[in-house]
Amino acid sequence: MKNEVTDYNIDDLDRDKQTTWDGVRNYQARNFMRDDMCVGDLAFFYHSNADPSGVAGVMKIIKTKITDPTQFEKKGKYYDEKATKAVPRWFCVEVQFVKNLKNFVGLPEIKQNKKLKGILVAQKGTRLSVQPVSKEHFKEIIRMSSV
């Protein structure tokens, strides 16, 4: 799960302990959150627009299928005039801080690791803020962070 490092980062989540992962406005990313995430799943906190971008920590999904309240905030940047309380268009999850990685795993390292072949974040043109990671890829990034 990506977020701009200057907007909200792993240290902010560590301080807050948990937060709602709202404001996602891409249908495929929304569907990953709405349809595929389960309570107890682990997720990476990925710092985007950083130098370099990469995986900074781990969080746990603690609540799913939440109607994203930001779609109804008329003056907010995530307002959606087509969304209604009866038929919301956007959903989110609540996450809880688990840990900072011992060592940050940057996108260049991810791209160079042959064991991470096929990971979405390393594919050209993939800019989704929420994307699945296989168990094997998850384990490999955790291993990389420990080196």
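The values are calculated or read from the model by the stated rules, or taken from the named source; none is laboratory data. These numbers come from a predicted model, not from an experiment. Counting neighbours? That spans all protein chains shown, and the Cβs are built from the backbone with ideal geometry, glycine included.
Restricted to the stretch 89-147, and to residues that are among the hydroxyl-bearing types (Ser, Thr, Tyr) and free of Cβ contacts under 8 Å to residues at least 40 places away in the same chain, which residue is surrounded by the fewest Cβ atoms within 10 Å (Cβ to Cβ)?
It comes out as THR126.
Could you check the stretch 13-71 and list, in sequence order, the residues that are of a type in the set (Val, Ile, Thr) and touching a Leu at 6+ places or on another chain (Cβ under 7 Å)?
Matches in the stretch 13-71: THR19, VAL55, VAL58.
Sort through GLY76, GLY54, GLY23 and tell me the only one that's in contact with a helix residue (DSSP H, G or I) (Cβ under 7 Å, 6 or more places away or on another chain), within 23 Å of VAL105 (Cβ to Cβ) and of a type in the set (Gly, Ala, Ser).
GLY54
Out of all the residues in the stretch 20-43, which are surrounded by 18 or more Cβ atoms within 10 Å (Cβ to Cβ) and either modelled with pLDDT under 95 or in a strand (DSSP E or B) (or both)?
Passing the criteria: TRP21, ALA43.
Got at least one residue in the stretch 116-124 being in a loop (DSSP other than H, G, I, E, B) and at pLDDT below 95?
yes
Against the definition (closer than 25 Å to MET144 by Cα, assigned to a loop (DSSP other than H, G, I, E, B) and not hydrophobic (A, V, I, L, M, F, W, C)), how does TYR78 come out, yes or no?
no
What residue, of LYS2, LYS17, is on the phi > 0 side of the Ramachandran plot and either crowded, with 16+ Cβ neighbours inside 10 Å or not aliphatic (A, V, I, L, M) (or both)?
Criteria check complete, one pass: LYS17.
Do you know which of the residues in the stretch 49-88 that are in contact with an Asp or Glu (Cβ under 6 Å, 6 or more places away or on another chain) and under 23 Å from GLN131 (Cβ atoms) is surrounded by the most Cβ atoms within 10 Å (Cβ to Cβ)?
ASP68
Is it the case, given these coordinates, that TYR46 is under 23 Å from GLU4 (Cβ atoms) and part of a strand (DSSP E or B)?
Yes.
Output the residue which, of all residues in the stretch 1-45 that are of a type in the set (Gly, Ala, Ser) and under 14 Å from the mean Cα position of the chain (by Cα), is nearest to GLY76 (Cα to Cα).
Residue satisfying both the conditions and the ranking: GLY23.
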